[in-house]
Amino acid sequence: MTEKLAVDGGNPVRTSPWPSWPVFGREEEEIILDVLRSGQWWAVGGRRVPEFESAFAAMQDAKHAVAVTNGTAAIEIALRALGIGCGDEVIVPPYTFIATASSVLAVGATPVFADIEPTNLNLDPAAAEAAITERTKAIIPVHIAGCPADMDGILALAAKHHLIVIEDAAQAHAAEWRGRKVGALGDCGTFSFQASKNLNAGEGGCIVTNKEDVADKCWSVHNVGRTRSGKWYEHHVLGGNFRMTEWQAGILLAQLSRLPEQTERRTSNALRLTALLDQIPGIRTLPPDERVTRHAYHLYVFRYDSSEFGGRSRGDFLKAMGAEGVPVSAGYVPLYKEIVFQRKTAGVGSWCKAGRHVDYSRVACPVCEQVCDDAVWLFQTMLLGDAADMDDIASAIEKIRAAWTA
Ligand SMILES: Cc1ncc(COP(=O)(O)O)c(C=O)c1O
């Protein structure tokens, strides 16, 4: 006799709440009051933004950081600063948030999708190489879920074909590739501090780099085209106002002090969860890669095989898990299938008149499509719980499988 599932009216595996997010305390309260009372609320002349830039650059093993309004703007600024525009092609993975590709469109360039690797769900260097044309100027590997992409393969490819590398590290605060933090492994890298991110100020973003000229150009683009040493009304390049506020930087400084402990906790819980899930037929965890010396675990992703769950669909599984008190998500669809891409083709319409015609309705990345069909996501906040919380996740899956295979 199997236990009745909560989705069918049985008792759920858990009713207790998951760890709340964001985490904050006296540090955040004090710093926000301090910014308030100082009357210094914007970055111009402020001290919190430069303090945060130094601390974040150091944390990500980078020489320079430019704090900006959000992670989408960070990619757009990096592209503009590096001279990418109309007629240029930029290779991106399709398993990512819209901003990775939309910011390429925003600067008038053309995103070209290349498939991902099934092991880490990140851009496959071989697929990226096959997508290179004479117009290709840059490549944007995304460290999805907080797992670094194969930076050995991507940097070798970039060197061979003289391509710019912008890492989209929006989900990868503190992640490491071969002992070095991500972000400044290529020409520059971009981060997000939007509410769900492991480092959070509600909104916010940053560009990190080891190259002083790249940092200066990003600084100009983010500050309406000014230069660091120029006059107030002296605009050298086309930029915008993408300045972070002192409020955001204050919160981020306080949040930064919490990150190491949170990252440790997410890691140890993820390892425990993997050991548990590896015992369950029909659940495939992602294999470890020894070159990934630190996974940020913004998401915990596993693959669902319906044939081991009585043929029940992933949609049914997601619903059943939610009813058991374990919220999970299906995650992304292949980005080129998004309406914005299906309705228009790059190189025509309002985007940009120059460049190669790309018909996104003809793009197919089979690995990404399979992953979008069978992946299941758990969010980083669940990994801030304790060992018993991980046991509940595994118990819910086992309960569902037992009921559906009885
Ligand atoms: C991979 C990726 N790139 C870019 C972004 C954009 O960041 P933001 O939401 O701060 O604009 C996000 C965040 O949602 C993301 O997950």
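Laboratory data are not the source of any read-out in this text; all were calculated from the coordinates shown. Bear in mind the structure is a predicted one, so any value in this text is a computation, not a measurement. Because the Cβ atoms are built from the backbone with ideal geometry, glycine has one as well, and the counts that use them run over all protein chains shown.
Consider all pairwise Cα distances in the stretch 195-316 and report the whole-number % of them above 22 Å. The answer is 60 percent, as a whole percent. Here is how the number arises for the chain: DSSP H runs of 4 or more residues each give -39500 (n - 2.57), the sum is divided by the residue count, and the result at 222 nm is -11500 deg cm²/dmol. Between the stretch 296-315 and the stretch 192-266, the C-alpha centres lie 36 angstrom from each other. The distance between label points at residue 227 and residue 24 comes to 3.9 nm (points 7 Å beyond Cα on the Cα→Cβ vector). Principal-axis analysis of the Cα atoms of the chain puts helix 212-222 at an angle of about 90° to the longest axis. Put simply, the C-alpha atoms of the chain give a gyration tensor, and the ellipsoid matching it has half-axes of 37, 28, 17 Å, longest first.
Give me the percent of DSSP beta bridges within the chain that run antiparallel, rounded to the nearest 5. That works out to approximately 70 percent antiparallel.
Overall, the chain carries a charge dipole of about 920 debye about its Cα centre when +1 sits on the Cβ of Lys and Arg and -1 on the Cβ of Asp and Glu, all other atoms neutral. DSSP bridge analysis restricted to the stretch 26-256 gives an antiparallel fraction near 55%, rounded to the nearest 5.
Here the dipole of the stretch 26-256 is about 600 debye; that uses its Cα centre as origin and unit charges on the Cβ of Lys and Arg (positive) and Asp and Glu (negative).
Each residue of the stretch 26-256 gets 110 Å³ once the volume of the Cα convex hull is shared out per residue. Gain on full extension, evaluated as 0.36 nm per residue between residue 55 and residue 405 minus their Cα-Cα distance, stands at 120.8 nm. The number of Lys pairs in the chain with C-alpha atoms less than 13 Å apart, excluding pairs fewer than 8 positions apart on the same chain, is 5.
Dipole of the chain computed with +1 at Lys/Arg Cβ and -1 at Asp/Glu Cβ about the Cα centre; of 194, 307, 247, farthest Cα towards the positive end is 247. A Förster distance of 22 Å, applied to the separation of the beta-carbon atoms of residue 32 and residue 261, puts the FRET efficiency at 0.55.
Projecting the Cα atoms of 148, 219, 38 onto the dipole axis of the stretch 26-256, where Lys and Arg carry +1 and Asp and Glu carry -1 at the beta carbon, places 38 farthest toward the positive end. Between the stretch 98-162 and the stretch 16-83, what is the C-alpha centre distance in whole Å? Centre-to-centre distance over Cα atoms comes out at 27 Å.
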